[in-house]
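A.B. asks: Below you'll find the structure I mean.
Coordinate-derived values only; no laboratory data. Note that the structure is predicted; figures quoted are calculated from it, not measured. Here Cβ is always computed from backbone atoms with ideal geometry, including for glycine, and neighbour counts include all displayed protein chains.
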Amino acid sequence: MEKITFSFQNRTAIVTGGAQGFGFDITKRFLKSGANVIIWDNDPKALEKALKDLNNPKLSSDVVDVSNFIEVSGNVNKITKNSKIDILINNAGITGPTAPLWEYDIEMWKKIIDINLLGTFNCCRAIVPNMIKNNYGRIVNVASVAGKDGNSNASAYSAGKAGAIGLTKSLGKELADKNIAVNAVTPAGAKTRILDQMTKEHVKRMLSKVPRGRFLEVEEFTSLICWLSSEENTFSTAAVFDISGGRSTY
């Protein structure tokens, strides 16, 4: 199937967790559509490989821990000295181990929340003022069906993604009188490296809930991200876009 082409000429996008999985494919599509892309990731080797594989002069990167506001704001200040930030894709996230809540490692629970929820807040907190200044912005927060349905033995991940959905709705309303759209997407399981963090039993249980009977393809996800990030999205904001193969019905 031929992909719809969006124009991101003269737009600058930040993609967190952009060195692999969803983030890598989003970065690749943005570059093909003419955007300048900055990928943030906390894995230097993955960043190095992504830069080499994509080999594009419009691509740059920084090692950033999104759960650290000082790191995030420092990088934003550096970028905005010479550029505006038009698009933010809050994609960085971890699933963590699977375990009942009452047995969950407390430090790991906190780490998952820090990356999936606090990381989303930190990036929005640092970047939104630049978007307000330029009266333009498109923010897409990558949540999960786990944030809507709640996955058993994944309380931290489910809670973090639910928090990201709530944040999206609040921020979207706060910016609704400006040309800034803030939306969330809630994918079901997809064929990315994140599945490797889960037990086979957990992955099988996830798949059994999807009426389509298969996992999400990365390219399908990227197509939705592109529309939400484009100038064509002139009205939708503070919304949650489901891409779960029928698993979630609300």
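A.B. asks: Given the Cα-Cα distance of V63 and K49 and 0.36 nm per residue of separation, how much length would full extension add, in nm?
C.D. replies: Extending this stretch completely gives an extra 3.7 nm.
A.B. asks: Give the order of T16, T120 when sorted by the count of other beta carbons within 10 angstrom, beginning with the fewest.
C.D. replies: T16, T120
A.B. asks: How far is helix 155-174 tilted, in degrees, relative to the longest principal axis of the Cα atoms in the chain, given as a value from 0 to 90 rounded to the nearest 10?
C.D. replies: 30 degrees
A.B. asks: Taking the chain as the reference, fit the longest principal axis to its C-alpha atoms, fit the long axis of helix 69-80 to the helix C-alpha atoms, and give the angle between the two in degrees, 0 to 90, nearest 10.
C.D. replies: In the chain, helix 69-80 runs at an angle near 30 degrees to the longest axis.
A.B. asks: Pairs K84/K173; K161/K204; K52/K84; K78/K148: which exceed 30 Å Cα-Cα?
C.D. replies: Violating the 30 Å Cα-Cα cut-off are K78/K148.
A.B. asks: For segment 175-183, just list the computed ³J(HN,Hα) in residue order, Karplus coefficients 6.51, -1.76 and 1.60, θ = phi - 60°, integers in Hz, with x standing in for Gly and Pro.
C.D. replies: Here the 3J(HN,Hα) series is 9, 5, 8, 10, 7, 10, 9, 10, 9 Hz.
A.B. asks: In addition: Within segment 55-156, report the GluC sites (Glu not before Pro) that DSSP leaves as loop and that have at most 13 other Cβ atoms within 10 Å.
C.D. replies: Sites meeting the loop and neighbour criteria: none at all.
A.B. asks: Right, another one. Of M206, M131, M108, how do they rank once you tally other Cβ atoms within 10 Å and put the fewest first?
C.D. replies: Ordered by Cβ neighbours within 10 Å, fewest first: M108, M206, M131.
A.B. asks: What shape does segment 32-75 take by its C-alpha gyration tensor, where a ≥ b ≥ c are the square roots of the eigenvalues and a/c under 1.5 counts as rounded, a/b above b/c as prolate, and the rest as oblate?
C.D. replies: Oblate, because a/c is 1.5 or more while a/b does not exceed b/c.
A.B. asks: So if I take the alpha carbon set of segment 12-243, get Rg, then get Rh from the Kirkwood formula, what is the Rg over Rh ratio?
C.D. replies: Using Cα coordinates only, the ratio equals 0.95.
A.B. asks: Grab the beta carbon distance between S73 and K204, set R0 = 41 Å, and tell me the FRET efficiency rounded to 0.05.
C.D. replies: For S73 and K204, the calculated efficiency is 0.50.
A.B. asks: Quick one: among G18, G166, G213, which has the greatest mean-square fluctuation in a GNM of the chain with alpha-carbon springs under 10 angstrom?
C.D. replies: Of G18, G166, G213, the most mobile in the Gaussian network model is G213.
A.B. asks: Pulled fully out, how much extra length does the chain show between T5 and R125, if you take 0.36 nm times their separation in residues and subtract their Cα-Cα distance?
C.D. replies: Here the segment from T5 to R125 would lengthen by 40.2 nm.
A.B. asks: To the nearest 10 degrees, how steep is helix 21-32 against the longest Cα principal axis of the chain, on a 0 to 90 scale?
C.D. replies: 20 degrees
A.B. asks: Here is a further query. For each of R138, R11, count neighbouring Cβ atoms within 10 Å of the residue's Cβ, then give the residues from fewest to most.
C.D. replies: Least crowded to most crowded, the residues run R11, R138.
A.B. asks: Per residue of segment 46-60, what does 6.51 cos²θ - 1.76 cosθ + 1.60 with θ = phi - 60° give for ³J(HN,Hα)? Whole Hz please, x for Gly and Pro, Karplus curve as stated.
C.D. replies: My calculation for segment 46-60 gives 5, 4, 4, 5, 4, 4, 5, 5, 7, 6, 10, x, 8, 10, 9 Hz in order.
A.B. asks: How many nm separate the modelled label positions at S236 and S152, each set 7 Å beyond the Cα in the direction of the Cβ?
C.D. replies: 3.3 nm
A.B. asks: I want to check the label-to-label distance for R212 and N135. Put each point 7 Å from Cα in the C-beta direction and report it in nm to one decimal.
C.D. replies: Label-label distance for R212 and N135, simple model: 3.9 nm.
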